[in-house]
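Every number here is computed from the coordinates shown, using simple stated rules; none is lab data. Fair warning: this is a prediction, and the values are worked out from it, not measured in the lab. Glycine also receives a Cβ, built like all others from the backbone with ideal geometry; neighbour counts cover every protein chain displayed.
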Amino acid sequence: MLIYISILKYGIRCFRLDILEYCDVSVLYERETYYIEKLTPPEYNILRVGGSLLGYRHTKASLMKMRYAKLGLKHTVETRCLIREAALLRKRNKHSEETRAKIKAALTGRKLSETAIAKLKDTLKHRIWKKHSIETREKMSEAKLGHIHSVETKQKIQTSRKNNPVGTKICINNIKKGENLHYKTISHAATAIGVDRTTIKNYLISGKLLKNTYYILGEGEIKVSPLDNKNSVKTTKPGYSSIIVENIKTSEIKEYSTIHAASKELGIYGSKLKKFMLSGECFDNTYIIRAK
């Protein structure tokens, strides 16, 4: 018990044993919590709930001590194998229906505080826009070298792709031939006209004319080609001058100059924001995203 360490450190004379109440083992933690609250603030207890670390936070000094204690620590091959086996076991042993029902009941109706939501948003923004160092990227690359998916994993990936097709549908408007070509993904569109994926993305956002021939459009967008409108001297420049984000719950509307600025504010990737913008679906059941 941890109390033994404290007794050895401070001496037996600094402690006293008093029996406050006799109770059943099943309510032991409940009664402990009761006396902790009744005798608040306890002089020695650092926990506020019996048998639980709920509500307790380590001090900065303790966190630094734990950090320095683990610096340079490397698991042995045997330990890494044990960790891997334990992770695979957790993956295989899925929760029972009863356990999932209990988890669902515990989380249903749960609302995070404004402080917690703000912290999550800040963490997400930091995670999305954080760039790994060259050294870290090299380590990640080395760790993946030689990794081969099992046959079972490959089959799962194929099934997932069939059931949940990914990719942004692209329409390429050839103004010289006056035709629209449709592609399932950005990669297919890039290969068809001999450019890379980044070029397709950039011209999709800017709306500029690529190779003096192609307009890159999202699926469902319609642009009038100069060849189709012979009477017009000058056509309106296609593309997005800005991004409009409407909060349907508060009726608040914000305008951003770029997709990057809008996605950073919402805490999502730019590619995901574009998908919601092109599909017209509501993001997070709150935001309607459209181009201006």
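Quick notes
- ³J(HN,Hα), Karplus 6.51/-1.76/1.60, whole Hz, each residue of segment 11-17, x for Gly, Pro: x, 5, 5, 7, 10, 9, 9
- Calculated FRET efficiency, residue 36 to residue 209, Cβ-Cβ distance, R0 = 51 Å: about 0.10 to the nearest 0.05.
- For segment 204-211, backbone phi angles converted through the Karplus equation (6.51, -1.76, 1.60; θ = phi - 60°) give residue-by-residue couplings of 5, 6, 6, x, 6, 7, 8, 6 Hz, Gly and Pro being listed as x.
- Calculated FRET efficiency for the pair residue 117/residue 89, C-beta based, R₀ 45 Å, to 0.05: 0.85
- Under 5 Å from the amide H of residue 50 lie the amide H atoms of 33, each residue being 5 or more positions distant or on a separate chain, with H modelled from the backbone and absent for Pro and chain starts.
- Extension reserve of the residue 3-residue 191 stretch, reckoned as 0.36 nm per residue once the Cα distance is removed: 60.8 nm
- In this simple spin-label approximation, residue 176 and residue 79 carry label points 7 Å from Cα along the Cα→Cβ vector, and these lie 6.4 nm apart.
- Under-5 Å amide H pairs with residue 242, H placed in peptide plane, nonlocal only: 292
- Gain on full extension, evaluated as 0.36 nm per residue between residue 141 and residue 57 minus their Cα-Cα distance, stands at 26.7 nm.
- Cα→Cβ-extended label distance, 7 Å offset, between residue 202 and residue 290, nm: 3.0 nm
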